[in-house]
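Just so you know, all these numbers are worked out from the coordinates, no wet-lab data involved. The structure presented is a predicted model; accordingly, all values stated were derived computationally and were not measured. Glycine gets a Cβ as well: all are built from the backbone with ideal geometry, and neighbour counts include every protein chain shown.
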Amino acid sequence: MTKGNEERVFEEFIADVLSGMNDYSVDFEALVKAYWSGNEIVDVYSPATYAESIDSGGFVDNTGLEEFQYSLNPEFSSDYDNWVEKGSKDNISLLVGRTSFALKSIGVKEQDILWDTSKIIKIKSEHKDMTDRILKQVPQIVENPIPIMQSKQKGSRLTIFGEVYSSSGQPVLAVLELEPIGRKSGIVLNEIKLASAYGKDNPQSLINSSKILYIDPNKNRTNKWLSLNRLQLPLGQITYGSINRISYKDDSVNTNLRKNGENNTDIRYSLEGTNFINDWIARYGIIEEGENPTRVAK
């Protein structure tokens with residue numbers, strides 16, 4: 001098929017791929033800017049409709065792209081009520097859902113998220129303003145976070161704020177454990193645990209002193225939440241969306257966070273011992289938008 005020109009065919013293939021990626025990135029960036037600026041309706045949703053749906057925790061169907069998979073367990077509230085009605089035993093784990101889109105955007109594995117009822121009982125005992133009604137809303141924080149931060153107490157944990165408040169009016173902080181240890185096995189479980197949730201006093205201090213991994217890219221929602229709670233993002237924090245990522249190595253969480261595009265040592269996305277992309281660019285150059293992808297080595 002290649003008639004002895006394997007290298008030339010490979011060069012053409014790579015050029016075609018990168019040209020297509022370039023066109024896609026330009027089109028996608030323009031689409032996103034138009035959407036969030038309110039200048040364009042994407043599919044059947046305007047920015048206002050989308051923001052309203054997200055604010056209310058509603059379902060969004062991205063018609064024409066792919067169906068948005070809602071990560072929460074729709075039976076969580078009824079499961080919680082059944083647990084209470086049957087005596088609130090401390091040996092049950094409630095399924096909260098699966099890893100949300102926001103969590104996956106910072107590198108969290110797609111796994112089940114569970115909440116041990118022993119933890120819920122402890123929360124209710126130590127935080128009287130965390131009622132059953134409020135506790136049943138905690139999964140919404142995980143699904144629709146505003147800031148996601150690295151825990152200051154433990155490297156394998158994340159701290160998250162959303163639009164849930166304790167009965168005393170404090171924003172509820174949810175804590176996720178990404179590498180829970182089985183009590184009997186002593187090994188890391190293939191799941192995520194909701195370790196705690198409680199009303200946080202002085203959330204500004206926590207935000208200022210924590211490593212921020214993610215800020216909801218819906219700026220209207222984020223700014224509304226900040227204003228409502230009289231909070232500010234750290235000085236100089238102007239990036240929204242996924243800001244930092246967590247790297248998994250040898251099935252454990254690497255607590256050394258890396259900036260997107262900086263110090264990328266994640267073995268899932270690199271070719272060890274090579275610098276393939278830089279070598280390729282040095283040899284063939286950058287493909288500009290609209291340019292014929294055919295390349296000849298320099």
FRET efficiency, 1/(1 + (r/R0)^6) with R0 22 Å, evaluated for LEU231 and ASP201 via beta carbons: 0.95
Sequence-separation-based contact order of segment 77-194, relative, with Cα cut under 8 Å and 6+ spacing, percent: 21
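Between ILE238 and PHE101, how high is the FRET efficiency from 1/(1 + (r/R0)^6) when r is the Cβ-Cβ distance and R₀ = 30 Å? Nearest 0.05.
So, using R0 = 30 Å, E works out to roughly 0.85.
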Counted charge near ASN208, where neighbours are those whose Cβ lies closer than 15 Å (Asp, Glu -1; Lys, Arg +1): +3
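Using 0.36 nm times the number of residues separating ASN190 and GLU126, minus their current alpha carbon distance, what extension gain do you get?
On the way: separation 64, 0.36 × 64 = 23.04 nm, distance 2.86 nm.
Computed gain between ASN190 and GLU126 is 20.2 nm.
Between ILE181 and SER209, how high is the FRET efficiency from 1/(1 + (r/R0)^6) when r is the Cβ-Cβ distance and R₀ = 41 Å? Nearest 0.05. Don't jump to the answer; show the numbers that get you there.
Details: r = 27 Å, r/R0 = 0.65.
Given R0 = 41 Å and the Cβ-Cβ separation, E is 0.95.
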Residues whose placed amide H lies under 5 Å from that of SER151, excluding near-sequence neighbours: ARG157, LEU158, THR159
